[in-house]
1. Give me the one-decimal nm value for the distance between modelled label points at Gln21 and Ile149, 7 Å along each residue's Cα-to-Cβ direction.
2. Could you list the trypsin sites (Lys or Arg not before Pro) in the range 57-144 that lie in coil according to DSSP, counting only those with at most 11 other Cβ atoms within 10 Å of their Cβ?
3. Hull surface divided by four, with the convex hull built on the Cα atoms of the chain: how many nm²?
4. With contacts defined as alpha carbon pairs under 8 Å and 6 or more residues apart, what's the relative contact order of the chain in percent?
5. To the nearest 10 Å², what's Trp70's accessible area with a 1.4 Å probe?
6. Run lengths n ≥ 4 of DSSP H only: what is the helix-derived mean residue ellipticity at 222 nm for the chain, with -39500 (n - 2.57) per run over all residues, to the nearest 500?
7. How much length would be gained if the chain were fully extended between Thr170 and Met1, taking 0.36 nm per residue of separation minus their Cα-Cα distance, in nm to one decimal?
8. I need the per residue convex hull volume for the range 1-142, using only the alpha carbons, in cubic angstrom as a whole number.
Amino acid sequence: MPRYRFTIEYDGSAYNGFQAQVGQPTVQGAIETAITAFCGQVVRIAAAGRTDTGVHATGQTCHVDLERDWPARTVMNALNAHLMHEAVSVLDCTPVGDDWHARFTAVGRKYLYRILSRPGRPALDRGRVWHVKKPLDAEAMHEAAQSLIGLHDFTTFRDAACQSASPVKTLDTARVVRIGEEVHLVFEARSFLHRQVRSMTGSLVEVGLGRWTPADLAEALEARDRARCGPVAPSDGLYLTGVVYETEA
């Protein structure tokens, strides 16, 4: 069966996460319904990762096996036509070998967290940024974030419902920059624990507000204690921006 890789963009605000759930609107459900409408085939797609309720994506990667060898452009256009009333868009579609897997072939994942740092609430980006009214010290946040880079036991920033076999992960990139009224946090790693990015972001905001020092963040990491984590950032500002594969690394 021909296998197709496609990159997906979606606004997670209207969905109960990525993973298909009976009776709930999900990104996976919307895509699978579109595939069935296109070719009549009932399928289960595979994705590079499962995003939570309200989390967005500009570079989610999926694959699907179809019974017929369709031109990739036809698949992309047909899915977008059937997704017209959904907050989901297929950005590209490419045939791949049957040994390629959206999740298991991936060697890296990239996330962006957007914070709107101003007194006035967002009107145009409501549901797409975390609104923090008080000023944030992005430089202090970046300094603190450097202690997260490398191989660590991230138990402090691991959700209680996380199903990962180990809390030990290697964080390759942790960068905080101010862009106008927004503070952007960029994280890159081979894989992440459940809600790790939102947990790290919430704690870094404590630094940005002056409630924690960079040393406090480092001590929280070393404590390996979930109780030492700061408030978990909301899902609104989180985006899966890209997935890296061996041939593209």
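1. 3.7 nm
2. Working: sites: Arg68, Arg73, Arg103, Arg109, Lys110, Arg114, Arg126, Arg128, Lys133; in loops: Arg68, Arg103, Arg126, Arg128, Lys133.
When the trypsin sites (Lys or Arg not before Pro) of the range 57-144 are filtered for loop state and at most 11 Cβ neighbours within 10 Å, Arg68, Lys133 remain.
3. On the way: hull surface 55.5 nm².
The number I arrive at for the chain is 13.9 nm².
4. Numbers: 567 pairs, mean separation 59.4, N = 249.
Across the chain, relative contact order equals 24 percent.
5. 50 Å²
6. On the way: 5 runs with 55 residues, N = 249.
Here the helix-only value at 222 nm equals -6500 deg cm²/dmol.
7. Working: separation 169, 0.36 × 169 = 60.84 nm, distance 3.57 nm.
Gain in length upon complete extension: 57.3 nm.
8. Values: hull volume 18.0 nm³, N = 142.
Per-residue hull volume (Cα only) is 127 Å³.
The values are calculated or read from the model by the stated rules, or taken from the named source; none is laboratory data. Remember, predicted model here, so these are calculated numbers, not experimental data. Cβ coordinates were reconstructed from backbone atoms using ideal geometry, including for glycine residues, and neighbour counts include every protein chain displayed. The area values use the complete protein model at the heavy-atom level, side chains included, leaving out ligands, DNA and RNA. Shrake-Rupley method; radii C 1.70, N 1.55, O 1.52, S 1.80 Å.
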